[in-house]
1. Among (1) closer than 30 Å to Glu158 by Cβ; (2) open to solvent by 30 Å² or more (accessible area, probe 1.4 Å); (3) at pLDDT below 85, where does Glu226 come up short?
2. Is there any pair with a first residue in region 256-267 that is modelled with pLDDT under 80 and a second that is in a loop (DSSP other than H, G, I, E, B) and of a type in the set (Lys, Arg) whose Cβ atoms are under 6 Å apart and which are 6 or more apart or on different chains, and what are they?
3. Filter region 187-223 down to the residues that are at pLDDT 85 or above, open to solvent by 90 Å² or more (accessible area, probe 1.4 Å) and either in contact with a Lys or Arg (Cβ under 9 Å, 6 or more places away or on another chain) or of a type in the set (Ser, Thr, Tyr) (or both) and list them by number.
4. Give the residues of region 257-291 that are surrounded by 10 or more Cβ atoms within 10 Å (Cβ to Cβ) and not in a helix (DSSP H, G or I), sorted by residue number.
5. If you go through region 166-184 one residue at a time, how many are surrounded by fewer than 15 Cβ atoms within 10 Å (Cβ to Cβ) and closer than 23 Å to Glu65 by Cβ?
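The values are calculated or read from the model by the stated rules, or taken from the named source; none is laboratory data. Quantities reported herein were computed from a predicted structural model and do not represent experimental measurements. Every residue, glycine among them, receives a Cβ derived from its backbone with ideal geometry; neighbour counts consider all protein chains shown. Just so you know, the surface numbers come from the protein's heavy atoms only, side chains and all, with ligands and any DNA or RNA stripped out. Shrake-Rupley method; radii C 1.70, N 1.55, O 1.52, S 1.80 Å.
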Amino acid sequence: MRRPYAGAVTDEGVGGTTARNDEEPQAGSPDAGGERAEARLERAVRAAEQALIEFEIAVETFRVEVENFSRLHHQKLGPMYARLDELDAQIAEARAVQSGDPEDLRRAQEARAAVMPMPGVDELFHDWMDSDGLSPEAASMLTDQPVRPPKRVRPSEEVRRLYRELARKAHPDLAQEEKERERRDEFIARVNAAYGRGDEALLRELAEEWEAGPAPEEVRPSESEELYARLEWLSRRKELLALLARELEDSAIGSMLRMAPDDPDRLLEEIAEQLLTEVAGREAELAKLVQ
């Protein structure tokens, strides 16, 4: 599924409603249609809140995709990159031995320095140990058995639907009091954690929990100055989210995801094939040098 927010959530429903019009009716006075200025402002605030929430949902969705894709990228391709670095170092060292040239020796030292050191046992089995000992993945590696395929890069469509629904209902920005905001913050943190793991069952449990929770207090109309302040806060929040979205898109992993938004797994396979070809080429080159 293509990212829903890319270039789309930049309307003025969040950031463009803070400018004041000198010709606006005075606070509390009706306009030509008999509507109070505060009522129109309140509608603008509610629209801006919903636009910001949709934007946050889209940014969080893409953040999870980037995080999961980065993890899978490292898991599947990290060993190949390490192998290429090691081969480059060995090739440079073989050339330096043959030529004795100081420049070749310098290049060999630089290539060797670029090779990541061998990780320790703790690093190798980080997050692979639990109360029962080695995880299935670690045991599979030690016994040369097939390792379980990595988890999906992205949450399922149903998980996404549940997440969006919960985020729209329980978003902290809808709270009018600090106590209610804190309750929503804690709840949304649990929702985000479940979404990041793609845990559909837990999201359903959280949806039931929210429905059974205390009903939100009725929102009373705010005075015009409070509404203007609210719009200004929403505008600043939207600018921060826009910066985060740009950082995600401009990151190395984000750029890769933009290349194949519909099938990132296939992109990893294509990169793996290219790396395997490069590894084969380096190994052939090294074999000629050490003959």
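1. Tallying (1) closer than 30 Å to Glu158 by Cβ; (2) open to solvent by 30 Å² or more (accessible area, probe 1.4 Å); (3) at pLDDT below 85, Glu226 fails exactly one: (1).
2. Hits for this filter: Pro261/Arg2.
3. Once the filter is applied, which keeps residues that are at pLDDT 85 or above, open to solvent by 90 Å² or more (accessible area, probe 1.4 Å) and either in contact with a Lys or Arg (Cβ under 9 Å, 6 or more places away or on another chain) or of a type in the set (Ser, Thr, Tyr) (or both), region 187-223 yields only Glu211.
4. Of everything in region 257-291, those that are surrounded by 10 or more Cβ atoms within 10 Å (Cβ to Cβ) and not in a helix (DSSP H, G or I) turn out to be Ala260, Pro261, Asp263.
5. Matching residues across region 166-184 total 1.
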